[in-house]
Amino acid sequence: MSGFELTIFDCDGVLVDSEIIAARVESKLLNEAGYPISVEEMGERFAGMTWKNILLSVEKEIDIPLSASLLDKSETLLDQRLAREVKIIEGVSFALSRIEGPRCICSNSSVHRLDSMLTKVGLKEQFAPNIFSAKDLGADRVKPKPDIYLHALSQMGVAAKKAVVVEDSVHGVHAARDAGIRVIGFTGASHTYPSHADRLTDAGAETVISRMVDLPAVIAAMESWSGLV
């Protein structure tokens, strides 16, 4: 096969418009716990991070332990909201219909949540069984660590230089780049913010798109730039 041999997608904020829902739930819980933060700031600072790591980060900042019950409360509330509200990112179906070769998902979300969201928006069959959750590897191996991307390369039998990743978060870009994979940044979900594209570029994304319909052409261009075609 010429060109890239594997296209890897993050899920939240790339395939499904779920990051904004998470930001709303988590912002409300943090405000109720005495840590004022807006929905917009949640997206800018913490998109791509697990709720557990968000809580740990906030605890370090304010030097006050947050209630352990917030962990379970967020998961329950978010699963309920996602089941009702999550939608596919516009243009994803078009892009998938025009990108050849194997594909997979690498996400910090749990297998249960991925299954629920992808089934709801009709994308599960487009990726199954190649849907990988970093939480399956261990709580200490989620993005921004590269483990989930290295795991996917191993499972799919593809070298890092022959793969490309689509990511919407700085943490995800760092994870992919540390795994040696080239990255396309994406800013087309509802949680995007003014400096989003610049931050993805600074983190290591080679280029950034705001419309998923542009992805096939960008992948083709990146193949040409590196002589893969």
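The values are calculated or read from the model by the stated rules, or taken from the named source; none is laboratory data. None of the values given here were measured: they were computed from a predicted structure. Quick reminder, even Gly has a Cβ in these numbers, built from the backbone with ideal geometry, and neighbours come from all protein chains shown. These area figures cover heavy atoms from the full protein model, side chains too; ligands, DNA and RNA do not enter into them. Shrake-Rupley method; radii C 1.70, N 1.55, O 1.52, S 1.80 Å.
Picking from S154, S67, S38, which is most flexible by a Gaussian network model of the chain using Cα springs under 10 Å?
Comparing S154, S67, S38 in a Gaussian network model of the chain, the most mobile one is S67.
Report the normalised scattering of the chain as log10 I(q)/I(0) at q = 0.08, 0.10, 0.15 Å⁻¹, calculated by the Debye formula with identical scatterers on the alpha carbons.
At q = 0.08, 0.10, 0.15 Å⁻¹ the computed log10 ratios are -0.27, -0.42, -0.96.
So what is the calculated 222 nm ellipticity per residue for the chain, using -39500 (n - 2.57) for each DSSP H run with n of 4 or more, over all residues, to the nearest 500 deg cm²/dmol?
When only DSSP H runs of four or more count, the value is -14500 deg cm²/dmol.
Using a 1.4 angstrom probe on the protein heavy atoms only, line up S109, S190 by accessible area, largest first.
Ranked list, largest accessible area first: S190, S109.
Report the convex hull volume per residue for the range 19-85, counting only C-alpha atoms, in Å³.
Roughly 75 Å³ of hull volume per residue.
Ordering Y193, Y149 from largest to smallest accessible area (1.4 angstrom probe), what's the sequence?
Largest accessible area first, the residues go Y193, Y149.
In whole Å, what is the distance between the alpha-carbon centres of the range 142-181 and the range 84-138?
If you average the Cα positions of each part, the centres end up 16 Å apart.
Treating the beta-carbon of each Lys and Arg as +1 and of each Asp and Glu as -1, no other charges, what is the dipole magnitude of the range 23-114 about its Cα centre, to the nearest 20 debye?
It works out to roughly 380 debye.
Please tell me which of these pairs span more than 30 angstrom C-alpha to C-alpha: K60/K145; K60/K120; K60/K161?
Cα-Cα > 30 Å for K60/K120; K60/K161; rest within.
Going toward the positive end of the dipole of the range 156-211, with +1 on Lys and Arg Cβ and -1 on Asp and Glu Cβ, which of V165, F186, A197 do you reach last?
With unit charges placed on the Cβ atoms, the residue in question is V165.
Quote the accessible area belonging to L66 in square angstrom, nearest 10, computed with a 1.4 Å probe and with ligands, DNA and RNA left uncounted.
Ignoring ligands and nucleic acids, L66 comes out at about 20 Å².
Only Cα pairs within less than 10 Å get springs; with that Gaussian network setup on the chain, which residue of A205, A139, A22 has the largest fluctuation?
A139
Considering only protein heavy atoms, what is the solvent-accessible area of D202 at a probe of 1.4 Å, reported in Å² to the nearest 10?
We get 130 Å² for D202.
Show W225, W51 ordered by accessible area, largest first, where the area counts protein heavy atoms only and the probe is 1.4 Å.
Correct descending sequence by accessible area is W225, W51.
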